[in-house]
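Novice: Just dropping this structure here.
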Amino acid sequence: MTTQTASTNQEPLKAKDFATDQDVRWCPGCGDYSILKQVQTVMAEIGLDKDNTAVISGIGCSSRFPYYMDTYGMHSIHGRAPAFASGLRMANRDLSIWLVTGDGDGFSIGGNHMLHILRRNVNINLLLFNNQIYGLTKGQYSPTSELNKRTKSTPMGSIDRPVNPCAFAIGSNATFIARAMDRDTKHLKTILHRADQHHGTSFTEIYQNCNIFNDGAFFAFTDKATKPLTTVFLEHGQPLVFGTERNKGVVFNGMRPKVVDLGSGEYSENDLWIHDETDIFKATMLTRFFDDPSEESALPRPFGVLYAVDEPCYEDMMFEQLDQAIEEKGDGDLDDLIAGPRTWVI
Amino acid sequence: MKTDVKTRKAVTIKFAGDSGDGMQLSGGLFTSSTALTGSDLATFPDFPAEIRAPAGTIAGVSGFQIHFGSQKIFTPGDTFDVLVAMNAAALKTNIDTLREGGTIIANTDGFDKKNLRLAKYENGANPLDDGSLAGYQLLELPVTKMTRETLTDSPLGLKEKDRCKNMFVLGFLFWRYSRSLQDTIEFLTGKFSKKPDVLEANIKVLQAGYNFGDTTETFTSRYEIKAAPLEKGTYRGIMGSEAIVLGLITASKKSGLPLFYGSYPITPASEILHGLSRHKNYGVKTFQAEDEIAAICSSIGAAYGGHLAITGTSGPGLALKGEALGLAMILELPLVVINIQRGGPSTGLPTKTEQSDLLQAMYGRNGECPIPVISASTPADAFEAIFEACRIAIQHMTPVVFMSDGFISNGSEPWKFPKSSEIPDITVQFAPPKENGDTYLPYARDERLVRKWAVPGTKGLAHRIGGLEKEAETGNVSYDPANHEYMTKIREAKVEGIAEFIPEQAIEIGPEEGDLLILGWGSSYGVIQSVVTTLLSEGHSVAHAQLRYIRPFPKNLGNLLKGFKQVLIPEMNTGQLASIIRNKFLLDVKQYNKIQGTPIATSELLHAAKELL
Ligand code: SF4
């Protein structure tokens, strides 16, 4: 999303200026704290005006977010944040609008709205806090939980296959898709900046640890020891390199991606997949880098901007049509409207 | 032979034919010609439930009814005097509603073997010649044949030629009711300006129909209906759904707030979405949402952003909007939810009319959730009623449910429309920007208990709102028991307090006190007017009161009701308003109920009223 920034000559705001006086009520150690901090920091870095910023959320642990942001905010109803945010955006094109949702809120009860905000490309920063569990309702499996997950509602293991949020986003014709994690704050900030610069709906999936009900769901990607082996950090125009000594890469083996060893002499960086965030085919494949990291020859999980293209956004086209209608028919006159085309006198 | 012209006080005509026979257009054109004669009138269309039912079948019959006269006309008519039947199915569907001795104008070409079979006439018996229509006056016109003959020289294909056959019937009716063709020719000229061949064919057939009446000796009667004693002024025809569109745009202009309409297609409310979408040059933003829930939620988002936000739906959609309506209520944001009622429950009778969502509008939400309810009574009344709904929403910071129904939305009547300068402004009070850095109190209230509308983007007012219970004044989340009770009561008191800002209940016609009051809401207006007019002329002590404000009720309603020995409430439901009135005023009100997807007939209500007198 792109927004105007505060153009006042006041002291620039600091991260803490975006915090409210309300006690933050997440469980100690929850990944949400880190994300809150990074969002506040990035808003300050962008130079956002608190009075010109709105944070809209649904229901869930992550959706408490607006209460902790000293901006305008609405804690709405379960799953519907995209619709509230879209309506607000259609009313006001100058606000910086941030939408906070979770995997249950955004992909279960609100799955329909997720699809439609993405395809409409409403200019909004959408942050999906994915913790692969229902936290607020105390620990049922979520639509992103892995198959066979044992929870209170699934004592014998869950039997529905998980949704892949980034693949869903690309299938919905999203124009900006990124992935980040709560534990890599530097990278998260970079991605939040990128998301904000995007004109349209920016979809950012953030892996967030729920230390109470799903502790360690993403440790394979976030833990220092395994992270280099399980993740690849994308850079536009750069090859897909990863590994402890940056000794692994991804090549195309015919139509399919394959992990290769750069140390064996068989492949060099020149042979590797070059990331192009504007390429829908490559991006589609990247969203499918979704292997279980514990599997042998698993593809690394991509982080960074998977896809970003410029497309017209919904409300811009809406306003264009309003202008066009006035150009074609003239600014509507109320008396003409009330009288209509055919009248008679008695 | 010279035909004599007879004068009639009122006539009801039903145009009925196959969906493809252009009956809505014929009816519409006959209506606008009627309006120009100065008659009062009411119309109602009767659409088939299926979109493209097979031609010639009962399911494919489409109708249009017009009641016009030199006296006040209150309803589209219980029965009709004239039935235009373009085919056998149209006759079969409508014959029971034709009054005894009425006239049938039948297109004989629509009664061939195939049509009779499709209309399920037993053994292919043709009602036109088996004597079964003996009690009626039957005028047989070979419409299809004569249309084709009129157009032998036209370059149009046979299918296109046949499409002109409704003009033949219309021309014939114009002859029968002593009308000029001018108005219709002007309309056709506009409509077919880019298709000269079609235009020529339509006009030729229209004239042929007129001349057929003029030159054939078969038909000896012509009729004339004089102008009605309508108030002097400039009029237009108005349909209920159109009146809502105009009322919304007027409220937007008069409040200075841009209009946002979030909606999901649903019969019969979609007409409003279509109507508003045509008026983007009035700054109207229409949003076809992905579902009913997104429709209301996007509207709440737009309301938060400072727009006059509206969402429209019909019964099942209102059910889906319930949770979000509760949010709008607790947020205390202005919003109007339009419910064009149809037959329920569930999908019910989507193309038929009913008044069975009143209890849903009043109570259909979780928790204590008071919401004002406003109702329209006639197509033209919908203009003022929706304007009032917007005014109350904006000035009292509350969602409002606006009730109409299929009968009002699709019905039409003449309307002596106002000049925009005669319509009052709606004053809007936004919370002003704050420079001093003090904490803003989003739920501080004025003496009417109304909070201020603080729109994102306003300096110094950054604040959070949400669906969790809020602390008085600050709006911070609060689980405090006493606070919850306080807030529940204050929200209730705010809505009840609106009674101070609406007009007192008036009597439409009849005495202020007496034997019987017929109390109506919604589309029963016309039938009650008609019945009470008759009863008054017979010397009974009867009055009619019509509710526009159902929540809160006007302050004087209780006293007004107590001025009558009996109160009768006719409704197209099992007695929903009656139960609210009983509950509120402990009055033993009587009910008259009809749940058949069709309006209450004058004769039915007259009978019910007389039983009480
Ligand atoms: S339940 Fe989980 S997600 Fe929710 S606040 Fe606690 S740790 Fe965070």
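The values are calculated or read from the model by the stated rules, or taken from the named source; none is laboratory data. Small disclaimer: the values here were computed from a predicted structure and weren't measured. Ideal geometry is used to build each Cβ from the backbone, glycine not excepted, and the neighbour counts take in all protein chains shown. SASA here: full protein model, heavy atoms, side chains in, ligands and nucleic acids out. Shrake-Rupley method; radii C 1.70, N 1.55, O 1.52, S 1.80 Å.
Novice: In degrees, nearest 10, range 0 to 90: what is the angle between the Cα axis of helix A:111-120 and the longest Cα principal axis of chain A?
Specialist: Its long axis makes an angle of about 70 degrees.
Novice: Looking at this model, which pairs from A:K224/A:K248; A:K282/B:K285; B:K352/B:K590; A:K189/A:K224; B:K161/B:K194 are more than 27 angstrom apart at the alpha-carbon?
Specialist: Working: A:K224/A:K248 17 Å; A:K282/B:K285 37 Å; B:K352/B:K590 25 Å; A:K189/A:K224 19 Å; B:K161/B:K194 17 Å.
With Cα atoms farther than 27 Å apart: A:K282/B:K285.
Novice: A further question follows. How much solvent-accessible surface does A:C61 expose, in Å² to the nearest 10, with a 1.4 Å probe and all protein chains in place?
Specialist: In the full protein context, A:C61 sits at about 40 Å².
Novice: While we're here: Where the centre of each part is set by its Cα atoms, how far does the range B:152-182 sit from the range A:207-242, in angstrom?
Specialist: After rounding, the separation between the Cα centres reads 76 Å.
Novice: What fraction of the Cα pairs in the range A:255-312, stated in percent, has a spacing above 15 angstrom? All intermediate terms of the calculation are to be shown ahead of the outcome.
Specialist: Details: 951 of 1653 pairs.
Of all Cα-Cα pairs in the range A:255-312, 58 percent lie more than 15 Å apart.
Novice: Mind checking the angle between helix A:31-46 and chain A's longest principal axis? C-alpha axes, 0 to 90 degrees, to the nearest 10.
Specialist: The two axes meet at around 60 degrees.
Novice: Quick one: net charge of B:P268's neighbours, Cβ under 14 Å, K/R +1, D/E -1?
Specialist: Numbers: positive: B:R342, B:K352; negative: B:D46, B:E242, B:E271, B:E354, B:D357, B:D405.
Spelling it out: positives minus negatives among the neighbours equals -4.
Novice: Using alpha carbons only, how many angstrom separate the centre of the range A:114-135 from the centre of the range B:562-613?
Specialist: Each part reduced to its Cα centre gives a spacing of 51 Å.
Novice: Which whole number of Å³ per residue matches the convex hull of the alpha-carbon atoms in the range A:15-222? Working shown, then result.
Specialist: Details: hull volume 21.8 nm³, N = 208.
Measuring per residue, one finds 105 Å³ for the Cα hull of the range A:15-222.
Novice: Using only Cα positions of the range B:514-612, each an equal point scatterer, no hydration layer, compute I(q)/I(0) via Debye at q = 0.10, 0.16, 0.20, 0.24 Å⁻¹ and quote the log10 values to two decimals.
Specialist: Ignoring solvent entirely, the Cα scatterers give -0.23, -0.61, -0.98, -1.42.
Novice: Let me ask something else about it. Give the ranking of B:I386, B:I293 by solvent-accessible surface, highest area first, calculated with a 1.4 Å probe. Write down the numbers at each step before the final one.
Specialist: Values: B:I386 0, B:I293 30 Å².
My answer, sorted largest first, is B:I293, B:I386.
Novice: Still on this structure, I have one more. Using only the alpha-carbon atoms, what does the range B:262-329 span along each of its principal axes? Please give whole angstrom values in decreasing order.
Specialist: Sorted from largest, the Cα extents of the range B:262-329 read 33, 29, 17 Å.
Novice: At q = 0.12 Å⁻¹, what base-10 log of I(q)/I(0) does the Debye formula yield for chain B when every alpha carbon is treated as an equal point scatterer in vacuo?
Specialist: -1.22
Novice: Right, another one. How much accessible surface area, in Å² rounded to 10, belongs to the heavy atoms of B:L320 with a 1.4 Å probe?
Specialist: B:L320 has an accessible surface of roughly 100 Å² with all protein chains in place.
Novice: Per-residue accessible area for A:T137 at 1.4 Å probe radius, Å² rounded to 10?
Specialist: 80
Novice: List the extent of the Cα atoms of the protein assembly as shown along each of their three principal axes, largest first, rounded to whole Å.
Specialist: Computed over the protein assembly as shown, the largest-to-smallest principal extents equal 110, 68, 58 Å.
Novice: If I model a spin label at A:E295 and A:D160 as a point 7 Å from the Cα along the Cα→Cβ vector, what separation in nanometres do I get?
Specialist: Once both label points are built, they end up 2.2 nm from each other.
Novice: How long are the three semi-axes of the equivalent ellipsoid of the range B:148-242, in whole Å, if each is the root of 5 times an eigenvalue of the C-alpha gyration tensor, listed from largest down? Provide the component values of the computation, followed by the final result.
Specialist: On the way: eigenvalues 148, 86, 20 Å².
After diagonalising the Cα gyration tensor, the semi-axes are 27, 21, 10 Å.
Novice: Using only alpha carbon pairs under 8 Å that are at least six residues apart, calculate the relative contact order of the range B:386-529 and give it in whole percent. Write out the running numbers ahead of the final one.
Specialist: Details: 122 pairs, mean separation 31.3, N = 144.
Reported as a whole number, the value is 22 percent.
Novice: Still on this model: For the range B:337-470, what ratio Rg/Rh do Cα atoms give with a Kirkwood hydrodynamic radius?
Specialist: Working: Rg = 19.0 Å, Rh = 17.8 Å.
With Rg and the Kirkwood Rh in hand, the quotient comes to 1.07.
Novice: Between the DSSP loop rule and a limit of at most 14 other Cβ atoms within 10 Å, which GluC sites (Glu not before Pro) in the range B:487-594 are left?
Specialist: Qualifying residues, ordered by number: B:E504, B:E512, B:E513, B:E538.
Novice: Per-residue ellipticity at 222 nm for the protein assembly as shown, helices alone: DSSP H runs ≥ 4 residues times -39500 (n - 2.57), over residue total, nearest 500 deg cm²/dmol? Show your work: numbers first, answer last.
Specialist: Details: 31 runs with 313 residues, N = 959.
The per-residue figure over the protein assembly as shown is -9500 deg cm²/dmol.
Novice: May I ask for log10 I(q)/I(0) of the range B:449-515 at q = 0.13, 0.14, 0.27 Å⁻¹, from a Debye sum over the Cα atoms as equal point scatterers with solvent left out?
Specialist: -0.57, -0.62, -1.18
Novice: Here's a follow-up. For chain B, what is the relative contact order in percent, using Cα pairs closer than 8 Å and at least 6 residues apart in sequence? Could you put the intermediate results ahead of the total?
Specialist: Values: 1326 pairs, mean separation 69.4, N = 613.
Here the relative contact order equals 11 percent.
Novice: Give the accessible surface of the range B:514-612 per residue, rounded to a whole number of Å², with probe radius 1.4 Å and ligands, DNA and RNA excluded. Kindly include the intermediate steps, with their values, before the conclusion.
Specialist: Values: 3610 Å² over 99 residues.
Ligands and nucleic acids excluded, the result is 36 Å² per residue.
Novice: Only sites in a loop by DSSP and with at most 13 other Cβ atoms within 10 Å count here; which GluC sites (Glu not before Pro) in the range B:218-293 make the cut?
Specialist: On the way: sites: B:E224, B:E231, B:E242, B:E271, B:E290, B:E292; in loops: B:E231, B:E290.
Listed in order of number, the matching sites are B:E231.
Novice: Across peptide A:64-73, how many C-beta atoms of other chains are within 10 Å of each residue C-beta, on average? Don't jump to the answer; show the numbers that get you there.
Specialist: Working: counts 3, 1, 3, 5, 1, 2, 3, 4, 12, 6.
Across A:64-73, the average partner-chain Cβ count within 10 Å equals 4.
Novice: If you average 1/r across every pair of different Cα atoms in the range B:236-422 and take the reciprocal, what Kirkwood value do you get, in Å? Walk me through the intermediate numbers first.
Specialist: Values: mean 1/r = 0.0632 Å⁻¹.
About 15.8 Å, per the Kirkwood formula over Cα pairs.
Novice: What are the lysines whose alpha-carbon lies under 23 Å from the alpha-carbon of B:K416, with same-chain residues fewer than 8 places away excluded?
Specialist: Within reach: B:K9, B:K72, B:K226, B:K232, B:K253, B:K254.
Novice: Shifting gears a bit: Roughly how crowded by other chains is peptide B:447-458, in terms of the mean Cβ count from those chains within 10 Å of each of its Cβ atoms?
Specialist: On the way: counts 0, 0, 0, 0, 0, 0, 0, 1, 5, 16, 10, 3.
That average works out to 3.
Novice: Between chains A and B, what is the buried accessible area in Å², counting both sides, with a 1.4 Å probe and ligands, DNA and RNA left out, to the nearest 100? Let's see the in-between values first.
Specialist: On the way: alone 17760 and 26210 Å², together 38640 Å².
That pair of chains buries around 5300 Å² in total.
Novice: If you rank A:I59, A:I206 by how much accessible surface each has, with a 1.4 Å probe, what is the order from largest down?
Specialist: Values: A:I59 50, A:I206 0 Å².
Result, largest first: A:I59, A:I206.
Novice: Next question. Taking all protein chains as present, what is the carbon and sulfur share of the accessible area of the range B:514-612, in % to the nearest whole number, probe 1.4 Å? All intermediate terms of the calculation are to be shown ahead of the outcome.
Specialist: Working: 1760 of 3610 Å².
Here it works out to 49 percent.
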